[in-house]
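Below: one structure, written as structure tokens.
Please treat every number below as a calculation from the coordinates, not as lab data. Since the model is a prediction, treat every value here as computed from it, not as a measurement. Positions of Cβ are backbone-derived with ideal geometry, glycine not excepted, and every protein chain shown enters the neighbour counts.
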Amino acid sequence: MRDRLLRGTFPSSNLRFAVCETRELCSEGLARLKSDWIAGWLLSEALTCAALLSVGLKDEERLSLRWAYSGPVGTILADMNEKAQVRGFTQRLRLMPGVSTLDEAMGGSGKVSVVSSFPDRVGQMGITEAVFQDITRDLAHFLSLSFQIETALAVGLIIRPEDPIHLSSATGLLLQPLPGCDNALFNGVREIVEHQGFRDWLEAAPRMPEEVLARLGLKETPSILNEITPSYSCHCSREKVESVLRMLDAEELRDMLEKDGHAEINCHFCAEHYWFSGTDLQTLIEQCQAGHA
Ligand SMILES: [Zn+2]
């Protein structure tokens, strides 16, 4: 099954939805970052949530999702644009064998924060407690509480616990009420989506987006507004890494040059490797001194 992200509504119920298959997207992230099973599970869940949320973004808007848990996994980050180009990482990529369950990896408390940004300005932002110790539910809670967008979210993954990690399915569903939506109807749908039984069904076999929508049991046909292919995509570049090095002062750059003779920088999101030779560093130092003169 290839990756798909569908956006649409249940017109009579006044509900909008996003539903996706993100197996290829998540597999690309897992392969680049070489996550183990536990970190990879959490990363795939975060990436699938990010793909779902991309449907609500405006032109050139980016959204950064950050879950900071007290357990060994630490921070989980995912960001995306309106084209569902998604990327992310977990602070620790390999937690096993010291950590053996997802609960243990996340620990007892945490925070969820979200920042929206445009090329020229920061948009909305907020932070809430992570009360469920569950990536998907903690994010839905954040959206309802901080952004005041009532949201029901579900993600189902099928990942065998082996190394290297192999993901055979990743499916996600997001539902939000539109103006005029009956409260009781939305709460009923949210209950279905957040029920463990729904997640178990998602994780029992790969499910087509259409099947996922039908599973809600609403007595109307969903209206699909558009379909796109979400992807794992990092927009890092040598120029961007160089601009980060330029933020250091000449002293720090000289330190690097004297200690290591070069600078080596890996992108957290895509593991791309950037190498700056001694000559490159020397040029940066000279430019830095000229800039401060
Ligand atoms: Zn990158």
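For the reader, a short list of remarks on this structure follows.
- Relative to the globular-protein estimate of 2.2 N^0.38 Å, the Cα radius of gyration of region 1-123 stands at 1.14.
- When the chain is treated as a GNM with alpha-carbon contacts under 10 Å, the residue of Thr136, Thr48, Thr279 showing the greatest mean-square fluctuation is Thr279.
- Cα convex hull volume per residue for region 201-293 (Å³): 179
- Alpha-carbon Rg with Dmax, taken over region 110-246, Å: 18.3, 59
- Region 185-287: trypsin sites (Lys or Arg not before Pro) in DSSP loop, at most 10 other beta carbons within 10 Å: Lys219
- Calculated diffusion of region 238-292, Stokes-Einstein form, Kirkwood radius summed over Cα pairs, 10 °C and 1.306 mPa s, µm²/s: 140
- Sites listed here are GluC sites (Glu not before Pro) in region 138-205 whose DSSP assignment is loop and whose Cβ has at most 12 other Cβ atoms within 10 Å: Glu162.
- The ratio of the alpha-carbon radius of gyration of the chain to the globular-protein estimate 2.2 N^0.38 Å is 1.11.
- Checked against a 26 Å cut-off, the cross-linked pairs Lys58/Lys240; Lys58/Lys219; Lys34/Lys240 give Cα-Cα distances beyond that limit for Lys58/Lys219.
- For region 121-200, Kirkwood radius (reciprocal of mean inverse C-alpha pair distance, Å): 14.4
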